[in-house]
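What follows is a single structure, and I will ask about it in a moment.
The values are calculated or read from the model by the stated rules, or taken from the named source; none is laboratory data. All values reported here derive from a predicted model rather than from experimental measurement. Reconstructed Cβ throughout: ideal geometry from the backbone, glycine too, with neighbour counts over all protein chains shown.
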């Protein structure tokens with residue numbers, strides 16, 4: 001970080017794209033975003049008080065917000081249960097027989113659940129947990145593939161007041177054990193196998209290694225999917241047998257608004273994972289509001305998030321928010337390009353998917369396969385595509401706009417948030433123009449800014465730290481068993497929540513993210529973001545994806561090395577490498593041109609699709625690679 005926290009922002013938005021007027025009129029939940037944002041900050045408590053009244057509460061709150069910096073409590077004294085809002089109120093109304101969940105396996109197997117059926121199985125699972133001695137406040141680790149049983153397990157925990165800790169079913173036994181130990185999980189729910197690219201992935205052995213010798217774990221509930229049922233150990237129970245004998249009646253536990261809902265662990269570059277803590281009341285209100293306000297999800301949508309329940313997107317926008325709204329959610333286990341690159345498009349056509357939440361990395365993967373697959377399918381049902389995970393470069397935005405959204409008949413938009421925030425901080429809403437390369441404007445209820453290291457706003461077009469200056473309902477409440485780690489988020493720049501992202505904003509308040517603060521490049525004293533250079537690389541017609549790192553240089557101080565994957569139909573060559581570097585020089589100028597370029601078959605990514613630049617850097621420089629438990633194999 002430089003002394004004043006300022007950076008060079010090289011890319012600007014050359015084009016402003018207006019949303020389709022008929023789509024705004026028919027779909028936009030918020031017609032005047034800027035006025036709604038202004039009103040939300042002018043009376044923060046009054047605004048969220050009104051939003052919260054759309055939900056069922058067993059007891060109304062005494063106070064909307066108790067803000068004792070840096071700790072916030074929302075809807076203090078209120079009582080609710082998020083699963084009552086996800087299930088019971090729909091079943092008691094007109095949506096009893098409406099489809100809540102459509103699941104498709106990688107082999108084409110399909111399972112469909114109405115809201116009544118989903119409640120039926122959630123209640124059974126809740127009683128299974130109760131029968132094993134799990135109750136309010138107990139922690140339950142869920143290590144499940146993206147299956148209905150995984151979602152049902154989450155909802156069942158919340159229904160009885162237990163606290164779930166979902167661990168992505170693919171992390172190794174060491175990472176799983178760390179999370180079980182930190183949460184002191186009383187029970188583990190797992191599957192024996194998952195499926196990926198036509199192969200089975202063993203999970204039960206990973207769980208057995210993780211819980212070996214852990215007295216805190218009293219029960220392991222196993223969903224045995226493999227045709228050949230493996231024998232179970234002393235603490236292990238067959239999920240199907242338990243479900244068959246469980247009652248389908250279970251009242252939702254009455255929960256205080258600030259009672260724990262779940263713990264979700266995030267990995268850092270060093271040290272143990274952080275257990276971010278979320279609660280029933282504020283998380284429910286905040287995530288559901290943004291699903292309507294920004295994503296425009298309604299009960300008439302067929303909605304598909306390509307994430308996994310192991311990540312915050314899966315919690316907020318596969319499970320909880322869409323179900324509170326009463327939407328129909330599509331869930332698919334397996335790789336989006338298996339058994340062929342047309343799989344993603346086939347699912348959209350088959351189910352008439354209207355809204356999609358995905359990652360820029362998926363768009364770049366589809367770009368890499370070319371457009372021939374698109375032409376085989378009808379994508380006219382799409383009304384909005386939302387991307388998050390890391391900055392969406394303009395080339396990917398334009399490709400999605402033209403090829404997935406019918407050249408502007410539907411809307412494609414970026415948004416930025418974190419595990420810790422629970423919901424978006426910055427977004428491009430349907431009712432405002434898009435500026436490809438810019439993430440968008442501040443989300444409703446968010447008071448954010450781009451500041452230097454002393455907390456002073458930087459000039460328009462100048463880079464700095466992206467921060468939030470007020471509490472919001474969906475925010476995490478603390479780091480589990482480690483409040484000092486939570487307070488670090490708020491103490492780096494006093495008075496602000498520091499996201500760790502470097503950003504810049506333009507004269508209209510649109511925010512562009514330049515990279516993480518620890519990913520900033522510094523060639524010849526020019527501090528520039530990785531997103532700038534990577535976007536320039538991907539704008540070359542031969543490039544599918546790119547990542548850049550900084551390397552020590554005796555003259556420049558730091559030089560830039562690029563790692564590049566190519567689109568189908570292009571072959572690596574020295575001449576192509578020179579052309580790509582020359583393209584970056586033309587787009588951004590000589591200070592951003594890579595000194596080295598390496599063609600690679602793939603880039604290392606987390607299992608949620610984020611490029612692991614620090615792993616590339618560590619491998620390049622022979623450094624300790626740190627925690628790579630979330631690395632996609």
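In the range 600-614, what count of residues is obtained for those that are buried (at least 18 other Cβ atoms within 10 Å of the Cβ) and either farther than 30 Å from residue 315 by Cα or in contact with a strand residue (DSSP E or B) (Cβ under 7 Å, 6 or more places away or on another chain) (or both)?
7
Inside the range 487-505, can you point out the residues that are in contact with a helix residue (DSSP H, G or I) (Cβ under 9 Å, 6 or more places away or on another chain) and assigned to a helix (DSSP H, G or I)? Step through it out loud before you land on a result.
Let us first name the residues in the range 487-505 that are in contact with a helix residue (DSSP H, G or I) (Cβ under 9 Å, 6 or more places away or on another chain), namely 489, 496-502.
Once the filter is applied, which keeps residues that are in contact with a helix residue (DSSP H, G or I) (Cβ under 9 Å, 6 or more places away or on another chain) and assigned to a helix (DSSP H, G or I), the range 487-505 yields only 489.
Follow-up. Within the range 324-366, which residues are crowded, with 21+ Cβ neighbours inside 10 Å, more than 19 Å from the chain's Cα centre (by Cα) and under 24 Å from residue 547 (Cα atoms)?
The one that is crowded, with 21+ Cβ neighbours inside 10 Å, more than 19 Å from the chain's Cα centre (by Cα) and under 24 Å from residue 547 (Cα atoms): 366.
Consider residue 257 against the criteria (1) surrounded by fewer than 20 Cβ atoms within 10 Å (Cβ to Cβ); (2) within 19 Å of residue 480 (Cα to Cα); (3) more than 20 Å from the chain's Cα centre (by Cα): it satisfies all of them except one. Which criterion is unmet?
Residue 257 satisfies every listed condition except (1).
Still on this structure: Tell me which residues, restricted to the range 73-90, are part of a strand (DSSP E or B) and touching a helix residue (DSSP H, G or I) at 6+ places or on another chain (Cβ under 7 Å).
Correct list: 74, 75, 80.
A follow-up question, please. When you look at residue 61, is it out of contact with any helix residue (DSSP H, G or I) (no Cβ under 8 Å at 6 or more places or on another chain), assigned to a loop (DSSP other than H, G, I, E, B) and either under 24 Å from residue 324 (Cα atoms) or assigned by TED's automatic domain parsing to the domain that holds residue 413 (or both), yes or no?
No; evaluated as a whole, the condition is false for this residue.
Something else: Among (1) under 17 Å from residue 303 (Cβ atoms); (2) in contact with a helix residue (DSSP H, G or I) (Cβ under 6 Å, 6 or more places away or on another chain); (3) outside any loop (DSSP other than H, G, I, E, B), which single condition is residue 331 missing?
Residue 331 satisfies every listed condition except (2).
Filter the helices (runs of 4 or more DSSP H) completely within the range 335-437 down to those with at least 1 residues that are touching a helix residue (DSSP H, G or I) at 6+ places or on another chain (Cβ under 8 Å), closer than 19 Å to residue 314 by Cβ and at pLDDT 95 or above.
Because the criterion is at least 1 residues that are touching a helix residue (DSSP H, G or I) at 6+ places or on another chain (Cβ under 8 Å), closer than 19 Å to residue 314 by Cβ and at pLDDT 95 or above, the helices (runs of 4 or more DSSP H) in the range 335-437 that meet it are 343-351.
Exactly one condition in (1) touching a residue at least 40 places away in the same chain (Cβ under 8 Å); (2) not assigned by TED's automatic domain parsing to the domain that holds residue 158 is not met by residue 90; state its number.
Condition (2) is where residue 90 drops out.
Looking for something touching a residue at least 24 places away in the same chain (Cβ under 8 Å), within 23 Å of residue 115 (Cα to Cα), assigned by TED's automatic domain parsing to the domain that holds residue 55 and outside any strand (DSSP E or B) - is there at least one such residue anywhere in the range 269-280?
Yes, the range 269-280 contains a residue that is touching a residue at least 24 places away in the same chain (Cβ under 8 Å), within 23 Å of residue 115 (Cα to Cα), assigned by TED's automatic domain parsing to the domain that holds residue 55 and outside any strand (DSSP E or B).
For residue 420, work out the one condition from (1) surrounded by 22 or more Cβ atoms within 10 Å (Cβ to Cβ); (2) touching a residue at least 60 places away in the same chain (Cβ under 8 Å); (3) more than 16 Å from residue 345 (Cβ to Cβ) it doesn't fulfil.
Condition (1) is where residue 420 drops out.
Scan the range 438-451 residue by residue and report those that are surrounded by fewer than 21 Cβ atoms within 10 Å (Cβ to Cβ) and in a loop (DSSP other than H, G, I, E, B).
447
I'd like to know if the range 473-490 contains one or more residues that are more than 21 Å from the chain's Cα centre (by Cα) and within 30 Å of residue 547 (Cβ to Cβ).
Yes, the range 473-490 contains a residue that is more than 21 Å from the chain's Cα centre (by Cα) and within 30 Å of residue 547 (Cβ to Cβ).
Report the residue count in the range 292-320 for those that are touching a residue at least 60 places away in the same chain (Cβ under 8 Å) and either closer than 29 Å to residue 66 by Cβ or under 18 Å from the mean Cα position of the chain (by Cα) (or both).
18
I'd like to check something: does the range 461-477 contain any residue that is in contact with a helix residue (DSSP H, G or I) (Cβ under 7 Å, 6 or more places away or on another chain) and surrounded by fewer than 19 Cβ atoms within 10 Å (Cβ to Cβ)?
Within the range 461-477, one or more residues are in contact with a helix residue (DSSP H, G or I) (Cβ under 7 Å, 6 or more places away or on another chain) and surrounded by fewer than 19 Cβ atoms within 10 Å (Cβ to Cβ).
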